[in-house]
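The values are calculated or read from the model by the stated rules, or taken from the named source; none is laboratory data. Bear in mind the structure is a predicted one, so any value in this text is a computation, not a measurement. Here Cβ is always computed from backbone atoms with ideal geometry, including for glycine, and neighbour counts include all displayed protein chains. Ligands, DNA and RNA are excluded from the accessible area calculation, which covers all protein heavy atoms including side chains. Shrake-Rupley method; radii C 1.70, N 1.55, O 1.52, S 1.80 Å.
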Amino acid sequence: MTEQPTAAPLADVTIGWVGLGRMGTAMATRLVESGADVAVWNRTAAKADPLLDLGAELLPDLIDAAGRDVVFSMVLDDAALDALHDPEHGLLAGDGASRRMSVWIDGSTVSSTAAQRAADAAAAAGVAFVSAPISGNPGVVAAGNAIFAISGDERGLGVAEAICLAIGRAVHRVGGSTEANVIKLCTNALLAVTMQSVAEIAVLADKAGVSRAALMSFINDSAVGSPFTRYKTANVVTLDFPPTFTPEGQRKDIRLALELAHELETPMPVLNTTEVAFSRLVSGGLGEGRDFAALVLEVARDAGHTLEPEELS
Ligand code: NA7
């Protein structure tokens with residue numbers, strides 16, 4: 001593991017940033033604020049405004065990102081990553097005459113097969129591909145506490161590590177292929193089943209007449225308390241769910257992990273149950289516009305129980 005150095009080694013590198021959703025914006029903001037030379041592109045151009053206000057340059061088209069030394073992409077899912085290397089409209093389109101990009105780093109949470117498709121397309125164009133998925137929500141990123149797992153083409157790992165350390169606090173180098181994508185899916189699977197368990201016990205305690213604030217306060221002070229249970233305590237107690245990660249996004253990651261599990265004949269009964277719970281949250285409407293911690297509302301509905309907002313203790 002490498003932790004954040006004191007000096008940024010990115011002085012001579014031009015970076016093209018692709019994807020300015022919730023995570024991409026938080027990450028690109030950190031990178032610009034570190035002093036790096038960053039130009040940005042997003043499919044919906046208006047979302048680039050906060051970055052332009054910080055001094056980043058706007059790239060009119062996706063292909064313009066390939067005119068930078070390094071591209072860092074942060075998009076939604078497998079289909080979005082595939083679109084980035086579409087032979088006609090993608091980053092690698094054309095004969096490469098004006099291409100400067102030698103390294104393409106992708107931080108999206110995608111399947112290892114989608115990452116491998118991007119890596120193969122990049123390799124065919126002489127570009128080194130690195131998977132660099134991130135652990136942390138936009139608030140964690142803004143506080144400088146996000147961590148990365150990186151894997152891929154050895155020629156790109158050094159600059160990927162430098163960029164990740166300008167954004168977050170630590171980088172774990174985990175292999176020479178798409179190992180980082182597998183690690184990210186496993187981590188998010190653990191996050192999802194933990195949320196399911198927290199939701200279940202919060203509803204149980206509430207039904208037993210116990211304050212959720214008292215329950216979470218005790219758990220957070222015990223051996224099973226974790227940074228994650230502490231992050232989600234405010235949601236579970238106050239029933240306010242400003243989205244850090246949507247139920248749809250969490251379900252997407254669960255499904256990616258389950259696809260891998262099917263492929264590798266690995267039964268995951270707890271994760272399967274959690275997928276059903278998130279599907280109910282999405283299809284039943286309770287997750288609409290809310291953080292995935294709104295799972296507690298779905299679990300309460302299953303229990304025929306109504307939760308009331310409480311104050312944090
Ligand atoms: P968001 O906030 O939903 O943002 C998704 C981003 O992906 C956003 O910039 C989208 O552009 C972009 N996107 C989606 N589809 C495409 C296609 N087809 N082509 C190009 N760009 C696309 O997600 P987060 O920022 O929270 O999460 C990003 C990743 O990190 C994701 O894998 C999470 O699981 C973890 P738009 O603004 O819609 O035009």
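Brief remarks on what is shown
- Of all residues in the range 1-46 being farther than 16 Å from Ala160 by Cα and of a type in the set (Ser, Thr, Tyr), the one that is nearest to the ligand (Cβ to nearest atom): Thr44
- Meets criteria (in a helix (DSSP H, G or I), surrounded by fewer than 22 Cβ atoms within 10 Å (Cβ to Cβ) and either under 22 Å from the mean Cα position of the chain (by Cα) or outside the structural domain of Thr187 (by TED's automatic domain parsing) (or both)) for Arg99: no
- Selection status of Ala208, open to solvent by 50 Å² or more (accessible area, probe 1.4 Å) and either within 16 Å of the ligand (Cβ to nearest atom) or out of contact with any helix residue (DSSP H, G or I) (no Cβ under 8 Å at 6 or more places or on another chain) (or both): yes
- Residue satisfying all of: in the range 231-267; closer than 19 Å to Leu76 by Cα, of a type in the set (A, V, I, L, M, F, W, C) and touching a Phe, Trp or Tyr at 6+ places or on another chain (Cβ under 9 Å); farthest from the ligand (Cβ to nearest atom) among these: Ile254
- Test: residue in the range 147-159 that is part of a loop (DSSP other than H, G, I, E, B) and assigned by TED's automatic domain parsing to the domain that holds Thr44: yes
- Qualifying residue in the range 127-147 (condition: touching a Phe, Trp or Tyr at 6+ places or on another chain (Cβ under 6 Å) and more than 27 Å from Ala261 (Cβ to Cβ)): yes
- Ala192 open to solvent by less than 60 Å² (accessible area, probe 1.4 Å), assigned to a helix (DSSP H, G or I) and not assigned by TED's automatic domain parsing to the domain that holds Thr266: no
- Any hit, the range 153-165, residues being in contact (Cβ under 8 Å) with a residue 12 or more places away in the chain and in contact with a Gly (Cβ under 7 Å, 6 or more places away or on another chain): yes
- Of the candidates Ala123, Ala128, the single residue that is open to solvent by 60 Å² or more (accessible area, probe 1.4 Å), more than 11 Å from the ligand (Cβ to nearest atom), under 29 Å from Asn188 (Cβ atoms) and over 21 Å from the mean Cα position of the chain (by Cα) is Ala123.
- Criterion (surrounded by 20 or more Cβ atoms within 10 Å (Cβ to Cβ), modelled with pLDDT of 95 or more and under 21 Å from the mean Cα position of the chain (by Cα)) met by exactly one of Gly136, Gly152: Gly152
- Qualifying residue in the range 89-101 (condition: at pLDDT 95 or above, in contact with a strand residue (DSSP E or B) (Cβ under 7 Å, 6 or more places away or on another chain), under 21 Å from Glu179 (Cβ atoms) and of a type in the set (A, V, I, L, M, F, W, C)): no
- Of all the residues in the range 247-289, those that are over 23 Å from Glu179 (Cα atoms) and either among the small types (Gly, Ala, Ser) or in contact with a Gly (Cβ under 7 Å, 6 or more places away or on another chain) (or both) number 9.
- Test: residue in the range 44-65 that is acidic (Asp, Glu), within 24 Å of Glu154 (Cα to Cα) and in contact (Cβ under 8 Å) with a residue 12 or more places away in the chain: no
- Going through (1) open to solvent by 40 Å² or more (accessible area, probe 1.4 Å); (2) within 16 Å of the ligand (Cβ to nearest atom); (3) farther than 15 Å from Leu31 by Cβ; (4) not hydroxyl-bearing (Ser, Thr, Tyr) one by one, Ala142 falls short only on (3).
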